[in-house]
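Please treat every number below as a calculation from the coordinates, not as lab data. Please read all numbers here as calculations on a predicted model, not as lab measurements. Quick reminder, even Gly has a Cβ in these numbers, built from the backbone with ideal geometry, and neighbours come from all protein chains shown.
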Amino acid sequence: MVASKGVLRLKPGRERSLALRHPWIFSGAIASVEGNPEPGATVDVIAADGAFAARAAWSPASQIRGRVWSFDLDAVIDEAFFTHSIGHAARARAAMLDDEHTGCRIVHAESDGLPGIVADRYGDTVVVQLLSVGAEAWRNAIAMAVQQATGARCVFERSDADVRSLEGLATRTGPILGALPQAVGIVEGGLRYDVDVEHGQKTGFYLDQRDNRAILRQHAAGRRVLNAFCYSGGFTLAALAGGAKSVLSIDSSAEALAMARGNLALNPGLDAGRAEWREADVFGELRNLRNRGDQYDLIVLDPPKFAPTAAHAQRAARAYKDINLLALKLLAPGGLLATYSCSGGIDAALFQKIVAGAAVDARADAAIIMRMGASADHPVALNFPEGEYLKGLLVLKR
Ligand code: SAH
């Protein structure tokens with residue numbers, strides 16, 4: 001697939017967002033489709049006055065009917081395009097990989113100019129997610145480009161995210177190139193973690209919290225830590241490495257807790273005697289702990305996405321407020337709350353308001369001492385503010 005035969009003609013004025021380099025073309029912007037393009041085919045996007053606006057992947061099933069590969073009239077979307085773009089994205093992460101850090105996102109979709117394509121590197125294995133029909137159409141070229149850019153021994157596909165259905169695509173997982181090694185693991189901040197790339201959440205590990213785990217580690221010394229929504233123990237191990245007095249880790253998933261225990265065991269330098277694990281619903285368990293009068297000096301709240309879009313914001317806001325309120329009550333004076341939201345539907349300002357409301361209701365005198373976001377390998381392109389999803393606040397209770 002090389003030639004771009006199809007044409008999307010825009011309604012008058014609807015080329016404006018493309019002039020600002022926003023990479024999405026919504027159904028309502030399109031006046032007509034010419035050339036009967038196949039799903040995933042490359043089409044030319046033409047303004048009402050006939051001027052070229054972009055070259056994009058055609059996605060007839062989605063409300064986002066087009067995702068831009070290039071704004072350049074001369075761009076050819078072919079295998080070489082993906083070799084070039086993926087190589088460029090991977091090279092931009094070179095400084096983020098070393099002996100102490102062997103896991104890194106190397107392609108972050110729209111924010112790397114590659115809509116619908118995610119690639120996470122875990123040592124010699126790279127896990128890709130193809131999330132749009134345009135990405136799907138270039139599956140082999142993408143896998144080859146990833147291998148070329150990284151030298152990976154296995155390129156494994158985890159195209160099982162819900163958003164695939166919006167593009168009319170079924171889920172698919174399995175190796176694309178090479179065979180999946182018996183065990184996949186990474187080193188992060190000198191700590192070892194196994195990564196379950198076949199069955200783990202997302203592509204297996206929450207790489208986006210890497211910088212925040214390092215921040216938490218710096219604040220953990222001597223503290224009684226509560227890590228709520230611990231998944232495979234990322235923050236737990238970071239806290240122990242930082243000298244935490246104790247760490248209670250909670251998750252509702254038995255599989256996650258088993259991985260977390262396993263990860264702790266991979267690091268004999270950490271004192272497993274300081275770690276306690278609890279399979280429980282965080283909402284109920286925080287209430288139990290409060291009713292018992294327990295206190296902590298550092299609490300991490302890293303829940304799953306309560307609000308995938310703004311339509312879920314109100315219900316999600318109540319859930320965020322609930323856990324933050326309980327956490328602020330459980331904190332001893334001088335304690336720290338590291339609280340996160342990965343909901344695209346809740347922006348940083350709203351999240352801060354929710355936490356502020358929780359502090360009022362908890363009667364806590366508290367102050368933000370640091371704002372956090374996703375790690376540097378998860379950039380937010382300035383032309384794609386939707387790419388900003390993870391925000392965090394480090395809050396000191398006085
Ligand atoms: N902090 C983790 C990532 C957290 S992902 C890291 O750094 O790796 C969110 C986790 O919350 C998942 O492991 C999921 O199993 C868990 N979870 C979701 N809802 C929950 C609930 N109500 N109670 C407890 N755990 C929950």
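For Gly35, the requirement of being of a type outside the set (A, V, I, L, M, F, W, C) and exposed (fewer than 13 other Cβ atoms within 10 Å of the Cβ) is not met. Residues that are assigned to a helix (DSSP H, G or I) and of a type outside the set (A, V, I, L, M) within the stretch 280-314 comprise Phe283, Gly284, Glu285, Arg287, Asn288, Arg290, Asn291, Arg292, His312, Gln314, listed in sequence order.
Each row is one residue, and each column tells you yes or no for (1) under 28 Å from Gly189 (Cα atoms); (2) under 14 Å from the mean Cα position of the chain (by Cα).
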| site | (1), (2) |
| --- | --- |
| Ala327 | yes, no |
| Asp347 | no, no |
| Ala356 | no, no |
| Ala366 | no, no |
| Arg371 | yes, no |
| Ala376 | yes, yes |
| Val380 | yes, yes |
| Gly392 | yes, yes |
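A single entry from Ala376, Ala381, Ala332 fulfils the requirement of being among the aliphatic types (A, V, I, L, M) and either closer than 20 Å to Val282 by Cα or assigned to a helix (DSSP H, G or I) (or both): Ala332.
Do the conditions hold for Ala244, that is, is it within 26 Å of Leu393 (Cβ to Cβ) and either in a loop (DSSP other than H, G, I, E, B) or of a type outside the set (Asp, Glu) (or both)? Judged against the criteria, Ala244 is a match. Within the set Asn212, Asn227, the sole residue that is in contact (Cβ under 8 Å) with a residue 12 or more places away in the chain, in a helix (DSSP H, G or I), within 16 Å of the ligand (Cβ to nearest atom) and of a type outside the set (Phe, Trp, Tyr) turns out to be Asn212. Do the conditions hold for His219, that is, is it surrounded by fewer than 16 Cβ atoms within 10 Å (Cβ to Cβ), more than 12 Å from the ligand (Cβ to nearest atom), touching a residue at least 12 places away in the same chain (Cβ under 8 Å) and of a type outside the set (A, V, I, L, M, F, W, C)? Criteria not met by His219. When the stretch 82-124 is filtered for residues that are within 13 Å of Ile142 (Cα to Cα), of a type in the set (A, V, I, L, M, F, W, C) and part of a helix (DSSP H, G or I), the ones remaining, listed by number, are Phe82, Ile86, Ala89, Ala90, Ala109. Residue selection: Asp124 fails the criterion of being without any contact (Cβ under 8 Å) to a residue 24 or more places away in the chain and among the charged types (D, E, K, R). Inspect all residues belonging to the stretch 76-83 and state whether any of them is within 20 Å of the chain's Cα centre (by Cα) and within 22 Å of His22 (Cβ to Cβ). No: zero hits.
Residues of the stretch 271-303 that are aliphatic (A, V, I, L, M) and touching a residue at least 40 places away in the same chain (Cβ under 8 Å): Val282, Leu286, Leu289, Leu298, Ile299, Val300, Leu301. Determine if the stretch 244-265 includes at least one residue that is buried (at least 20 other Cβ atoms within 10 Å of the Cβ), in contact (Cβ under 8 Å) with a residue 24 or more places away in the chain, away from the ligand (no atom under 13 Å from the Cβ) and not hydrophobic (A, V, I, L, M, F, W, C). Within the stretch 244-265, not a single residue is buried (at least 20 other Cβ atoms within 10 Å of the Cβ), in contact (Cβ under 8 Å) with a residue 24 or more places away in the chain, away from the ligand (no atom under 13 Å from the Cβ) and not hydrophobic (A, V, I, L, M, F, W, C). The residues on offer are Thr150, Thr171, and the sole one that is under 19 Å from the mean Cα position of the chain (by Cα) and surrounded by fewer than 23 Cβ atoms within 10 Å (Cβ to Cβ) is Thr171. Within the stretch 45-62, is there a residue that is assigned to a strand (DSSP E or B), touching a residue at least 40 places away in the same chain (Cβ under 8 Å), surrounded by 15 or more Cβ atoms within 10 Å (Cβ to Cβ) and among the β-branched types (Val, Ile, Thr)? Within the stretch 45-62, none of the residues are assigned to a strand (DSSP E or B), touching a residue at least 40 places away in the same chain (Cβ under 8 Å), surrounded by 15 or more Cβ atoms within 10 Å (Cβ to Cβ) and among the β-branched types (Val, Ile, Thr).
Take the stretch 159-182 and flag every residue that is assigned to a loop (DSSP other than H, G, I, E, B) and touching a Cys at 6+ places or on another chain (Cβ under 9 Å). Those that are assigned to a loop (DSSP other than H, G, I, E, B) and touching a Cys at 6+ places or on another chain (Cβ under 9 Å): Gly178, Ala179, Leu180, Pro181. The set of residues in the stretch 113-128 that are crowded, with 23+ Cβ neighbours inside 10 Å and not small (Gly, Ala, Ser) comprises Leu114, Pro115, Ile117, Val118, Asp120, Arg121, Tyr122, Thr125, Val126, Val127, Val128. When Pro268, Pro303 are checked against the criterion of being under 25 Å from Asp211 (Cα atoms), more than 13 Å from the ligand (Cβ to nearest atom) and not acidic (Asp, Glu), a single residue qualifies: Pro268. Restricting attention to the stretch 183-209 and to residues that are over 21 Å from His108 (Cα atoms) and of a type in the set (D, E, K, R), the residue that is farthest from the ligand (Cβ to nearest atom) turns out to be Arg192. Of everything in the stretch 254-284 that is among the acidic types (Asp, Glu) and over 26 Å from the mean Cα position of the chain (by Cα), the residue that is nearest to Leu331 (Cα to Cα) is Glu276.
Here's the yes/no breakdown for (1) in a strand (DSSP E or B); (2) within 30 Å of Ala92 (Cα to Cα); (3) away from the ligand (no atom under 15 Å from the Cβ):
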site	(1), (2), (3)
Arg278	yes, no, no
Ala319	no, no, no
Ile323	no, no, no
Leu337	yes, no, no
Lys353	no, no, yes
Ala359	no, no, yes
